[in-house]
Amino acid sequence: MVAPIERQTLTIRRVLKAPPELVFDVWTQPEHMLRWFSPAESYTNPFIEVDLRVGGTYRIAFLSPDGVQSIVGGKYLEIAKPDKLVFTWKWEEHDRFGDHETTVSLSFNACDEGTELVMNHEGLPVGPMLEEHSWGWQGTLGRLETALATL
């Protein structure tokens with residue numbers, strides 16, 4: 001019998017100096033996402049596709065500095081602009097990340113400084129996949145913060 005895979009939720013909180021409506025739009029509109037949705041400046045996005053409706057899909061391609069392309073995609077489960085966004089997350093490359101579909105929940109909470117963004121990425125296998133996603137999300141959210149400062 002194979003032991004079940006231990007899974008964990010990655011939670012990240014970040015205060016952004018922009019109102020929730022703007023943060024929500026910058027998170028969901030490809031023309032904005034192309035400016036920031038990658039883990040580091042050295043990555044690019046060959047394409048970002050968004051069909052923002054419950055049941056709609058998205059796909060995001062990442063090109064690493066060494067020329068490796070990875071694509072993540074999923075389905076929108078809940079859209080409550082400007083407060084909440086929930087979507088599935090699954091890498092198309094099964095050899096690197098396995099065949100795991102996870103769920104990302106974002107809360108955009110108004111606060112004195114602008115928006116407290118709370119991200120929960122649920123169902124990540126403990127180990128390298130969890131560590132890579134933690135690194136990736138921290139970098140991506142840092143780039144989001146920088147992009148918002150230029151709007």
If you place +1 on the Cβ of every Lys and Arg, -1 on the Cβ of every Asp and Glu, and leave all else neutral, what size is the dipole of the chain about its Cα centre, to the nearest 20 Debye?
180 debye
Can you give me the % of accessible surface on the stretch 54-151 that is carbon or sulfur? Probe 1.4 Å, all protein chains present, nothing else counted.
49 percent
Accessible area (Å², 1.4 Å probe, nearest 10) - HIS32:
40 Å²
Per-residue accessible area for ARG53 at 1.4 Å probe radius, Å² rounded to 10?
130 Å²
Where labels lie 7 Å past Cα in the beta-carbon direction, separation of GLU92 and ASN45 in nm
1.5 nm
Please report the equivalent ellipsoid semi-axes of the chain, computed as sqrt(5 x eigenvalue) of the Cα gyration tensor, largest first, in whole Å.
24, 18, 15
Write down the accessible area per residue of the stretch 50-151 in Å², having rolled a 1.4 Å probe over the full set of protein chains.
47 Å²
As I understand it, the dipole of the stretch 5-114 uses +1 on the Cβ of Lys and Arg and -1 on the Cβ of Asp and Glu, about the Cα centre. Which of THR57, LEU106, ILE71 lies farthest toward its positive end?
LEU106
Can you pull the accessible area of THR88 for me, 1.4 Å probe, Å² to the nearest 10?
10 Å²
What's the extension gain from VAL118 to LEU77 if we count 0.36 nm per residue and subtract their Cα-Cα distance?
13.1 nm
Options SER38, ALA149, PRO125, ranked by Cα towards positive dipole end of the chain, top entry (Cβ charges):
ALA149
Which order do GLU93, GLU113 take when ranked by solvent-accessible area (1.4 Å probe, heavy atoms of all protein chains), largest first?
GLU113, GLU93
Any lysines whose Cα falls less than 20 Å from that of LYS17, other than same-chain ones fewer than 8 residues away, would be LYS81, LYS84
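The values are calculated or read from the model by the stated rules, or taken from the named source; none is laboratory data. As the structure is a computational prediction, the values presented were derived from the model and not from experiment. As a convention, Cβ positions derive from the backbone with ideal geometry for all residues, glycine included, and neighbour counts pool all protein chains shown. For the accessible areas, the whole protein counts, side chains as well, though only heavy atoms, and no ligand, DNA or RNA atoms are used. Shrake-Rupley method; radii C 1.70, N 1.55, O 1.52, S 1.80 Å.
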